[in-house]
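The values are calculated or read from the model by the stated rules, or taken from the named source; none is laboratory data. Note that the coordinates shown come from a computational prediction; the quantities given were computed from them, not determined experimentally. Backbone-built Cβ (ideal geometry, glycine too); neighbour counts: all protein chains shown.
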Amino acid sequence: MSYGFVKPTDFAESPKTIPVSQQQFRAALPSLDANVEKAITRSQDYLFSLQKPDGTWVGELIVDCTLVSDVCIFMHWMGEVDFDRQAKCVKHLLDHQLADGGWNIYVGGPSELNATLKAYFALKLAGFHPDEPLMRKAHATILRLGGIPKCNTYTKLMLGLFGQYPWKYLPIIPSEIVLLPNWFYFNLYEMSSWSRAMVVPLSIINHFKPMRHLPPDKQLHELFPYGTEHSDFSQVWDKSFFSMRNFFLTCDAGLKLIDGLPWKPWRHRALKKAEAWLIEHISEGSDGLGAIFPSMEYAIIALKALGYHDDHPILRKAIKDFFELEVDDVANNDYRFQPCFSPIWDTGITAMALSESGVPQDDPRLQKAGEWLLSKEVRTRGDWYVKNPHPVNSGWAFEYNNKFYPDVDDTWKVLLALNGITMPDEKAKKEVMERALRWAISFQCQNGGWAAFDKDVTKAWLEDVPFADHNAILDPPCSDITSRALELFGRLGISRKEPYIRRALKFIRDTQEEDGSWQGRWGVNYIYGTWLVLRGLYYIHEDMNQDWVLRGRDWLEFSQNEDGGWGETCASYEDPKLKGRGASTASQTAWALMGIIACGDVTRSSVVRGLDYLCRTQQADGSWKEEFITGTGFPRVFYLKYDMYRNNWPLIALSDYRRMAAAKKGTR
């Protein structure tokens, strides 16, 4: 396969997109272009100032208070409380408590039960008394939201580890699950990679049930609604007798019955296999199990339950990897915990942004980034191979070292970045790109889309498994990842006649919403999904004059705020009426601008107003501020703010405009 860089100006602009005010645009053009040029230069300088000596960029992943609560609770379970660290956790929690006494899971959101209960428990373990005003307010909010009985499975599991929730009411996760053959209709690899990395250690924890007993003053009796503490907390059955939920609840009851028997013929073998799987996945080449917070924490608890001593090398490594996620922000007197690191993702986006903005492709700083990215290609066989036995190992992960879990979206992004960098050894670079491209294409799912980590992990009935209430047991294809693939294919000059591209285009058509938008799986939310689709269609040479395409553009314009920017709240995942609604942010404004610009007309008033917003809100040092969360982990459950997003995406949007505007001038 041969390919070459395709410039955005190679595509014809849409004659169907009519400017709102050409006269106004021409009058504003000189100052607008000058402001854009200044903003681009400042942004370039700022981003280069953030580059690490090894050529990378990595911003903090900022999340809600839940992880800090988890760390405090985890230290008490381990019996090794670092009181300095605990004091920092407490301060962070107190700083983020809401007026009603609760804690939320995204900025501007309402109090959320699981986050509030964990914060309350962490504070109580740290020495706060339930009668203190802040605890009384939290207690009232917890009960208002339903108390312990209404928490999700993973919060109840945490409580079970302290004897604060009965294990008999928790869904069973039998370790025998690891013995199910891969050809069986249900097996470990029919679950998403992140679920798999939690289920294996949890299956060990489920067997040993390693509880820590709390003194009476630390227990949580008060968090059960009055008179319910000793109620039957079994999960509620569907009214319809024949349902998948009832089937799984029947299985759960049967497995619990077997689990209570003294003789379990396959349990020893299952525990050994689960332990071996766990050790393999946290050893050299992985910065912890899945290199992500929840599974890393569960892995440590599982190792302790298995009897590993504190001085055992594998346990020491697991604990070290876990606490490397902490952010001790001395300058701002704050303490936070990241869910993982994002160097490959951040480096890919930022390198591409700088290349797109006019930095020479052979700039040594970009080459340094390209060299690092090339060195991080994963050449070992990971979990993905079970569902997709592609003969050649390749791809990139999200984190520094996560050899079992390279993912498709990071691979698309790295390939886009490398395509815009001229390396000293171009032949070697293209060989890597060719190998990784074929690897990623092989993940196309049956419906024509691409998912994040695996191929065809889409069995919807698994969402009824009792422990699947984290809303992410599957890894379904999504329009955002599929559209990034289309952008890459177009830039590489791959013919749109390729069967996999035709199937991808059909998937995009099939997933469009009635109002013209697309949902975003990995970014908030419809602005993210719609922008990526329009950009992908543009680069793959789709006719951007088609009504279905322009409906996407029109939806973006309809969602523009009065200040010229765009924003969308995480609440749009729960309430469709909030689609495209929220305070303006730099990243979401950049996304919307790129989507509209992809439709071919930079003279639209929406574009002018959006550019003005970005230029007007840029800081003197070339950065942008952004308070709100625009990244998605698990919709309705977990969100995160990529701190680099506020700076790298605006640069790409500004550069898109400059390039397209220059092309228009050249055609007049």
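In the same structural domain as LYS124 (by TED's automatic domain parsing) and either surrounded by 15 or more Cβ atoms within 10 Å (Cβ to Cβ) or more than 23 Å from ASP383 (Cβ to Cβ) (or both): does that describe ASP217? Against the criterion (in the same structural domain as LYS124 (by TED's automatic domain parsing) and either surrounded by 15 or more Cβ atoms within 10 Å (Cβ to Cβ) or more than 23 Å from ASP383 (Cβ to Cβ) (or both)), ASP217 qualifies.
One residue alone among ALA87, ALA99, ALA122, ALA126 is at negative phi, touching a Leu at 6+ places or on another chain (Cβ under 7 Å) and either at pLDDT below 95 or outside the structural domain of VAL524 (by TED's automatic domain parsing) (or both), and that residue is ALA122. Filtered by the rule that a residue be touching a Lys or Arg at 6+ places or on another chain (Cβ under 9 Å), of a type outside the set (S, T, N, Q) and assigned to a loop (DSSP other than H, G, I, E, B), the stretch 295-343 gives a lone residue, ASP310. Checked against the criterion of being modelled with pLDDT of 95 or more, touching a strand residue (DSSP E or B) at 6+ places or on another chain (Cβ under 9 Å) and in a helix (DSSP H, G or I), the stretch 610-630 has at least one qualifying residue. For the stretch 84-104, give me each residue that is more than 27 Å from the chain's Cα centre (by Cα) and farther than 15 Å from GLU326 by Cβ. Result: ALA99, ASP100, GLY101.
Exactly one residue among LEU188, LEU145, LEU180 is without any contact (Cβ under 8 Å) to a residue 60 or more places away in the chain, within 17 Å of GLU275 (Cα to Cα) and surrounded by fewer than 20 Cβ atoms within 10 Å (Cβ to Cβ), and that residue is LEU180. Condition check for MET544 on (1) farther than 22 Å from THR585 by Cβ; (2) without any contact (Cβ under 8 Å) to a residue 60 or more places away in the chain; (3) not β-branched (Val, Ile, Thr): one failure, at (2).
Under the condition of being in a helix (DSSP H, G or I) and either within 15 Å of the chain's Cα centre (by Cα) or buried (at least 19 other Cβ atoms within 10 Å of the Cβ) (or both), the residues counted in the stretch 384-423 number 13.
In the stretch 641-664, the residue that is nearest to the chain's Cα centre (by Cα) out of those that are within 15 Å of TYR528 (Cβ to Cβ) and of a type in the set (Phe, Trp, Tyr) is TYR642. Within the stretch 403-415, residues that are in contact (Cβ under 8 Å) with a residue 40 or more places away in the chain reach no partner that is among the acidic types (Asp, Glu) and crowded, with 24+ Cβ neighbours inside 10 Å with beta carbons closer than 7 Å at six or more positions or on different chains. Condition (residue is exposed (fewer than 12 other Cβ atoms within 10 Å of the Cβ), more than 26 Å from THR380 (Cβ to Cβ) and within 31 Å of the chain's Cα centre (by Cα)) applied to the stretch 235-250: is it met by at least one residue? Scanning the stretch 235-250, I find at least one residue that is exposed (fewer than 12 other Cβ atoms within 10 Å of the Cβ), more than 26 Å from THR380 (Cβ to Cβ) and within 31 Å of the chain's Cα centre (by Cα), so the answer is yes.
Flag: GLY564 matches the condition of being out of contact with any His (no Cβ under 8 Å at 6 or more places or on another chain), in contact (Cβ under 8 Å) with a residue 24 or more places away in the chain and more than 30 Å from GLY493 (Cβ to Cβ).
Just the residues that are crowded, with 21+ Cβ neighbours inside 10 Å and either in contact (Cβ under 8 Å) with a residue 60 or more places away in the chain or outside the structural domain of SER375 (by TED's automatic domain parsing) (or both), please, taken from the stretch 449-464.
Once the filter is applied, which keeps residues that are crowded, with 21+ Cβ neighbours inside 10 Å and either in contact (Cβ under 8 Å) with a residue 60 or more places away in the chain or outside the structural domain of SER375 (by TED's automatic domain parsing) (or both), the stretch 449-464 yields GLY449, ALA452, PHE453, ASP454, LYS455, VAL457.
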